[in-house]
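Just below is one structure, and these are the notes that go with it.
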């Protein structure tokens, strides 16, 4: 139930009488999914997300064509100085980065913990093969001014 009801947890959520009694909202805010949303908020506060546009052409072979749970979502800025790719469960993905400049940095972002890991990019390739650091969903950030730790701005125009 998470934070649906925003109530005291004494009755089922309004309009959902058969779903059981949810936790009070104060306790629901400590559930894993609520913590994960906090990490995503931090990520998108550090990215100029309003510059991103859907960019399915970045994904060489879409693993979600036949299974929507595996759909890789990719976006990039018009200038090509920022790209964000969400990989829901596959460990490996090939991305066509021909439309992006060669001087990009890359960082893996773990939406479950907020941890970031830098990725080394070999210059001059058109298609890059990426492997996520571990199982589960991951976000790949590509940008000109990526930095660690999480409190730095990502993808600012040069």
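The values are calculated or read from the model by the stated rules, or taken from the named source; none is laboratory data. Here the structure is a predicted model, which means the values were calculated and not measured. Cβ coordinates were reconstructed from backbone atoms using ideal geometry, including for glycine residues, and neighbour counts include every protein chain displayed.
Table: residues versus (1) modelled with pLDDT of 95 or more; (2) over 10 Å from residue 142 (Cα atoms); (3) assigned to a loop (DSSP other than H, G, I, E, B); (4) under 12 Å from the mean Cα position of the chain (by Cα).
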| position | (1), (2), (3), (4) |
| --- | --- |
| 69 | no, yes, no, no |
| 76 | yes, no, no, no |
| 90 | no, yes, yes, no |
| 99 | no, yes, yes, no |
| 117 | no, yes, no, no |
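Annotation note: of 9, 15, the sole residue that is exposed (fewer than 13 other Cβ atoms within 10 Å of the Cβ), in a loop (DSSP other than H, G, I, E, B), at pLDDT below 80 and at positive phi is 15. Only residues that are modelled with pLDDT of 85 or more and part of a loop (DSSP other than H, G, I, E, B): list them for segment 121-158, please. If the condition is that a residue be modelled with pLDDT of 85 or more and part of a loop (DSSP other than H, G, I, E, B), then 126, 132, 133, 134, 135, 136, 137 are the ones that fit. Taken over segment 26-54, the residue count meeting the criterion of being surrounded by 13 or more Cβ atoms within 10 Å (Cβ to Cβ) and touching a residue at least 40 places away in the same chain (Cβ under 8 Å) is 9.
Under the condition of being over 18 Å from residue 75 (Cα atoms) and outside any helix (DSSP H, G or I), the residues counted in segment 26-60 number 3.
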